[in-house]
Amino acid sequence: MKYKLIIDRDAEESVTVVARGPSALTQQIEDLVRSRSGTDCLLGYREDEMRKLPFSEIECITILDRKVTAIDTAGNHYRIQERLRDLEPILPAGFIRINKSTLANEHRILRFDAVFSGGVDAVFRCGYREYVSRRCFAEIRRRYEGK
Amino acid sequence: MKKYIPEFIRRGLIACGFGPMVLVVCYLTLQQQAGVQVLRVSQVCLGIVSISALAFVAGGMNVVYQIERLPLMAAVLIHGGVLYLSYLATYLVNGWLKRGILPLLVFTVVFVVGYLAAWAVICFTTKRKTESLNEVLKRKQQAGGEN
């Protein structure tokens with residue numbers, strides 16, 4: 001892999017990575033850039049509490065009772081003000097869509113479970129389960145296994 | 001759910017065009033196997049209408065596989081249940097299945113065995129796919145370092 005630094009005092013600062021696929025290194029670079037630019041977290045609301053939720057502490061973002069909700073590593077639910085479709089482009093590449101209304105942090109998925117009904121559930125480290133739609137399951141398989 | 005009703009009708013209308021072609025196969029089979037040489041006008045009309053209706057339902061019911069939230073097995077069961085009732089009604093209306101416990105039982109057993117086989121195949125396939133995906137997920141998380 002080559003390293004290239006371009007010094008241009010007039011240009012907007014940006015980091016561009018050309019890689020054959022997402023890897024641990026690209027993830028680390030993305031996390032570093034996001035933390036430096038202050039875009040590595042979301043604001044979550046719970047009762048009277050407002051908290052900065054770093055992306056790495058979010059298990060998944062889903063819609064519960066018609067509200068966009070982030071579930072953190074302790075299983076706490078936080079209401080998010082942004083809409084799910086607005087969040088998708090700003091979340092790191094490690095967030096994958098597992099159904100029409102859920103974005104999952106792939107680093108926090110413990111396993112995928114085949115359920116008796118023929119469907120698939122994603123089980124998160126905090127114990128939360130969410131169904132994986134057939135379309136998204138096929139997409140995840142393509143992403144992971146190249147199928 | 002409302003958006004699936006027009007889709008059901010659209011798919012049904014496309015499929016019901018093939019109804020009379022299926023009826024041709026049924027009549028030719030009856031001629032070859034049961035020696036049926038003459039059909040009354042009312043029999044032909046009933047055949048065309050009932051097979052077109054069956055084709056409409058069978059074609060339209062494929063829409064259940066488009067409902068993302070519905071697990072595959074649930075979709076198969078709904079599809080299978082509706083097809084069972086539709087086929088049974090069509091066979092009985094046209095007199096292709098004798099009325100009585102035994103013919104009904106044979107028909108039902110053949111249908112149920114077919115669907116159990118489909119169920120087993122789907123469960124086995126889904127389990128195999130999730131196991132393989134879990135292995136890739138585990139490797140990916142180990143390589144990237146868990147958060």
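Quick note: the coordinates plus some simple rules give every number you see, no bench work behind them. Please read all numbers here as calculations on a predicted model, not as lab measurements. Counting neighbours? That spans all protein chains shown, and the Cβs are built from the backbone with ideal geometry, glycine included.
Report, in whole Å, the centroid distance computed from the Cα atoms of the range B:84-147 and the range A:113-139. Each part reduced to its Cα centre gives a spacing of 18 Å. Counted over the protein assembly as shown with a bin width of 5 Å, the fraction of Cα pairs per bin, in whole percents, is 1, 4, 9, 11, 12, 11, 10, 8, 7, 6, 6, 5, 4, 3, 2, 1, 1, 0, 0.
For chain B, what is the relative contact order in percent, using Cα pairs closer than 8 Å and at least 6 residues apart in sequence? So the answer I get is 24 percent.
Dipole orientation for chain B: of the candidates B:TYR27, B:VAL136, B:TYR84, B:VAL136 has the Cα lying most toward the positive pole (charges on Cβ; Lys, Arg +1; Asp, Glu -1). With viscosity set to 0.890 mPa s at 25 °C, what whole-number translational diffusion coefficient in µm²/s follows for chain B from Stokes-Einstein and a Kirkwood radius over Cα pairs? Translational D for this selection: 133 µm²/s. For the options A:THR102, A:THR69, A:THR16, a Gaussian network treatment of chain A with springs between C-alpha atoms closer than 10 Å singles out A:THR16 as fluctuating the most. Rounded to the nearest 20 debye, the dipole size of the range A:24-145 about its Cα centre is 380 debye, using +1 on the Cβ of Lys and Arg and -1 on the Cβ of Asp and Glu. Sorted largest first, the spans of the alpha carbon positions of the range B:106-147 along the three principal axes are 58, 13, 5 Å. Looking at the range A:52-147, the chymotrypsin sites (Phe, Trp or Tyr not before Pro) that sit in a DSSP loop and have at most 10 other Cβ atoms within 10 Å of their own Cβ are A:PHE116. With neighbours defined as other Cβ atoms within 10 Å of a residue's Cβ, the residues A:MET50, B:MET73 order from fewest to most as A:MET50, B:MET73.
A simple spin-label model places pseudo-atoms 7 Å from Cα toward Cβ; at B:THR125 and A:TYR45 they are separated by 4.5 nm.
For chain A, the longest principal axis of the alpha carbon atoms and the long axis of helix A:134-145 meet at an angle near 40°. Basic side chains Lys and Arg get +1 at the Cβ, acidic Asp and Glu get -1 at the Cβ, and with that the dipole of chain B about its Cα centre reaches some 140 debye. The mean number of Cβ atoms from other chains found within 10 Å of a Cβ in peptide B:117-129 is 3, as a whole number.
Gyration tensor over the Cα atoms of chain A: the corresponding equivalent ellipsoid has semi-axes (square roots of 5 times the eigenvalues, largest first) of 29, 22, 12 Å.
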